[in-house]
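The values are calculated or read from the model by the stated rules, or taken from the named source; none is laboratory data. Nothing here was measured: the structure is a model prediction, and the numbers come from that model. Cβ atoms come from the backbone with ideal geometry, glycine included; neighbour counts cover every protein chain shown.
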Amino acid sequence: MTTDHRPAGSPNDLGPVPETALWTLYHRAVEARRPDTLLPDPMAVRLVEDIDYPFEQRFGSPAEPSVRLQGQLQALRVRCFDHEVADFLLRHPRGTVVSLGAGLETQFWRVDNGRAQWLAVDLPESAALRERLLPAEPRQRVLACSATDSRWTDEVDPGNGVLVTAQGLLMYLRPGEVRDLIAMCAEHFPGDGMVLDAVPRWFSRLASEGRMRSGGYTVPPMPWGMDASEQQQLRTAHPAVAEVRDVVPPPGRGRLGRLVPYAVRLPVVRAKRPSVVHLRFVAKGRAQGS
């Protein structure tokens, strides 16, 4: 009989969906190491250097063009979320940022204002890994709980404003779960908001068929996809969803990268691209007139 001495929350023990936290972390670090980076993220670089995990063997070498491209795409997505969180903190400096499916996201160290409260919600194995690798600061908490379980809403004080983020999460839920989660947030946090991202339907289909690969890594199935042209349908999740706003990514690097903010507005691109969306909630009594 052998004994496994690996600590709880070992990165080598993660299931397919929780392991995506390492996939996205790695690509943020790849981008952050560049001298012309779009996303300064020293915490991500430190984590990749410190974690005992075969990042390059699993996800590819930073020298590979596809890995560098993925790093830039991850950076542009993350900057959309960072912008929305930073804007929220300007308006609600003592508000609460709730990160659903937080994984190893290092947003706190990029945009924290020194006064806000932060709650990271994730499945037990991912929460244990986060607590071990990213010890919580005084205004940070980690809750081991499924994002679809309403228990986490009891841990949030809505008094100073709340922004819920779901980055790289909803595509791994079933469509009905996505609607229910949005409705739950709208019900519990009237007057506040939620930022989420979605992959287009073609990407969801290929991932669910096991055809989305990066080096030796296969992206887990993604049951939920939404074309950017379908964003307004999110309003049907709950009467309190008063506004659905497309968050346009900033310019990228290089000639093509600089065209990103303009290209995503083209109908042929808009219908098939990934998207980041900000939902604004209102109180039930104001929903009809919003």
Which pairs do you get when a residue that is closer than 16 Å to S61 by Cα and in contact (Cβ under 8 Å) with a residue 24 or more places away in the chain, found in region 201-219, comes within reach of a residue that is β-branched (V, I, T) and surrounded by 17 or more Cβ atoms within 10 Å (Cβ to Cβ), reach meaning Cβ atoms under 7 angstrom, with the pair 6+ apart or on two chains? none
Tell me, please, whether a residue that is out of contact with any strand residue (DSSP E or B) (no Cβ under 6 Å at 6 or more places or on another chain), outside any loop (DSSP other than H, G, I, E, B) and of a type in the set (S, T, Y) can be found in region 106-115. no
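Which one of these is at pLDDT below 90 and either more than 28 Å from L163 (Cβ to Cβ) or touching a strand residue (DSSP E or B) at 6+ places or on another chain (Cβ under 7 Å) (or both): P261, P251, P267?
On the way: P261 fails: either more than 28 Å from L163 (Cβ to Cβ) or touching a strand residue (DSSP E or B) at 6+ places or on another chain (Cβ under 7 Å) (or both); P251 fails: either more than 28 Å from L163 (Cβ to Cβ) or touching a strand residue (DSSP E or B) at 6+ places or on another chain (Cβ under 7 Å) (or both).
P267 is the lone residue from the list that is at pLDDT below 90 and either more than 28 Å from L163 (Cβ to Cβ) or touching a strand residue (DSSP E or B) at 6+ places or on another chain (Cβ under 7 Å) (or both).
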Pairs needed: first member in region 111-129, over 16 Å from L169 (Cβ atoms); second member anywhere, assigned to a helix (DSSP H, G or I) and of a type in the set (G, A, S); C-beta distance under 7 Å; at least 6 residues apart or different chains. V111/A86
Scanning region 127-150 for residues that are more than 19 Å from L25 (Cβ to Cβ) and in a loop (DSSP other than H, G, I, E, B), which turns out farthest from the chain's Cα centre (by Cα)? P138
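Could you please give the count of residues in region 34-45 that are in a helix (DSSP H, G or I) and crowded, with 16+ Cβ neighbours inside 10 Å?
Going through region 34-45 one residue at a time, the tally reaches 3.
Of all residues being of a type outside the set (D, E, K, R) and exposed (fewer than 11 other Cβ atoms within 10 Å of the Cβ) in region 1-22, which is modelled with the highest pLDDT? Just the residue, please.
Filtering region 1-22 for residues of a type outside the set (D, E, K, R) gives 1-3, 5, 7-12, 14-18, 20-22.
If we keep only those that are exposed (fewer than 11 other Cβ atoms within 10 Å of the Cβ) as well, we get 1-3, 5, 7.
Values: M1: 36, T2: 37, T3: 39, H5: 43, P7: 49.
Ranking the qualifying residues of region 1-22, first place goes to P7.
Before we move on, is S99 in a loop (DSSP other than H, G, I, E, B) and of a type outside the set (A, V, I, L, M)?
Details: in a loop (DSSP other than H, G, I, E, B): no; of a type outside the set (A, V, I, L, M): yes.
Judged against the criteria, S99 is not a match.
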Mind counting the residues in region 50-78 that are assigned to a helix (DSSP H, G or I) and either of a type outside the set (D, E, K, R) or closer than 21 Å to G257 by Cβ (or both)? 17
Among the residues of region 151-186, count how many are part of a helix (DSSP H, G or I) and exposed (fewer than 15 other Cβ atoms within 10 Å of the Cβ). 8
Using beta carbons and a limit of 9 Å, which pairs, at least six apart or on different chains, have the first residue in region 37-51 and hydroxyl-bearing (S, T, Y) and the second one part of a loop (DSSP other than H, G, I, E, B) and surrounded by 17 or more Cβ atoms within 10 Å (Cβ to Cβ)? T37/R253
Given the conditions (1) in a helix (DSSP H, G or I); (2) closer than 16 Å to D197 by Cβ, report the number of the one that V244 does not fulfil. (1)
